[in-house]
Amino acid sequence: KLIGNLSLALDGFDHSGARRVFDWDVAQTGLMTDKVKCLGSKIKQETVYYFLTLFNDRISPLLNKLRKAVIHNDMNENNIIIKNKGLSIGIIDFGDMVYTYQVLEPAICAAYLSLGDADPLPKVISFIKGYQSIYPLNQDEIVSIPYLISLRFCLTAIMASWRKKLFPGNKYLTISQRNAWISLQMMQDISLEDWS
């Protein structure tokens, strides 16, 4: 519900600085494609191409039905301020904000919730229901969520490999990479259409 309230608060907000070319915008798939080779492994490259192809085949025809907005773009448990009794009271780290598909806000959060989980669907459903109780999504946005989650995992893996080459001593850059690959392998074995 906190994330839904953020989307509600940002509804209608715009800023020229948010309309940018940004590596961490899942919707900018061309930037992702440009960096796939940094993964090295052909198997990993083929996995990313698999999800990019799924997105192009199933979601690209729906893109004109997905709303656009300025979003936080990095909503995860490390960016939520919790009071000592577990009450969410705030959000931090607005450096990744971008004007993109609004449904990426819940999809990115759902990706973080799913990271490395063998059976993430119950958590994802619970989160999406809470989000929608505040900020309802349209049917095409709901259908797109599993595909956007998988692309976020692809982006996490790609950016970790790419940035590791730029900053080889920074271990933080690869903190989510292993779990992203675990999640991508799991999502390759299921029907994303069924998730939708």
Please enumerate the residues belonging to the stretch 89-103 that are surrounded by 14 or more Cβ atoms within 10 Å (Cβ to Cβ) and either in contact (Cβ under 8 Å) with a residue 60 or more places away in the chain or over 17 Å from residue 134 (Cα atoms) (or both). 91, 93, 96, 97, 98, 99, 100, 101, 102
Out of (1) within 21 Å of residue 48 (Cβ to Cβ); (2) modelled with pLDDT of 95 or more, the one residue 132 does not meet is (1)
Take residues that are closer than 18 Å to residue 152 by Cβ and of a type outside the set (A, V, I, L, M) and tell me which of the helices (runs of 4 or more DSSP H) falling wholly in the stretch 1-79 contain 2 or more. 29-35, 42-54
Residues of the stretch 120-149 being over 23 Å from residue 79 (Cα atoms) and either among the charged types (D, E, K, R) or surrounded by fewer than 20 Cβ atoms within 10 Å (Cβ to Cβ) (or both), in sequence order, are 138, 139, 140, 141, 142
For residue 76, only one of the following conditions fails: (1) open to solvent by 90 Å² or more (accessible area, probe 1.4 Å); (2) farther than 21 Å from residue 143 by Cα; (3) in contact (Cβ under 8 Å) with a residue 24 or more places away in the chain. What is its number? (1)
Filter the stretch 172-196 for residues that are of a type outside the set (A, V, I, L, M), out of contact with any Lys or Arg (no Cβ under 9 Å at 6 or more places or on another chain), open to solvent by 10 Å² or more (accessible area, probe 1.4 Å) and not in a loop (DSSP other than H, G, I, E, B) and give the result. 172, 178, 179, 185, 188, 194, 195
For the stretch 1-30, how many residues meet the condition of being open to solvent by less than 40 Å² (accessible area, probe 1.4 Å), within 23 Å of residue 162 (Cβ to Cβ) and not small (Gly, Ala, Ser)? 4
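Scan the stretch 138-152 for residues that are free of Cβ contacts under 8 Å to residues at least 60 places away in the same chain and in contact with a Lys or Arg (Cβ under 9 Å, 6 or more places away or on another chain) and jot them down. Write out each step before concluding.
Of the residues in the stretch 138-152, the ones free of Cβ contacts under 8 Å to residues at least 60 places away in the same chain are 139, 142, 145-146, 149.
Passing the criteria: only 139.
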Within the stretch 104-119, the residues that are part of a helix (DSSP H, G or I), under 16 Å from residue 181 (Cα atoms) and open to solvent by 10 Å² or more (accessible area, probe 1.4 Å) are 112, 113
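Keeping to the stretch 1-53, report how many residues are of a type in the set (Ser, Thr, Tyr), more than 20 Å from the chain's Cα centre (by Cα) and within 19 Å of residue 73 (Cβ to Cβ).
The number of residues fulfilling the criteria is 1.
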Failed condition for residue 86, given (1) touching a helix residue (DSSP H, G or I) at 6+ places or on another chain (Cβ under 8 Å); (2) outside any helix (DSSP H, G or I); (3) open to solvent by less than 80 Å² (accessible area, probe 1.4 Å): (1)
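The values are calculated or read from the model by the stated rules, or taken from the named source; none is laboratory data. All values reported here derive from a predicted model rather than from experimental measurement. Glycine also receives a Cβ, built like all others from the backbone with ideal geometry; neighbour counts cover every protein chain displayed. Please note that ligands, DNA and RNA were not included when accessible areas were found on the heavy atoms of the full protein model with its side chains. Shrake-Rupley method; radii C 1.70, N 1.55, O 1.52, S 1.80 Å.
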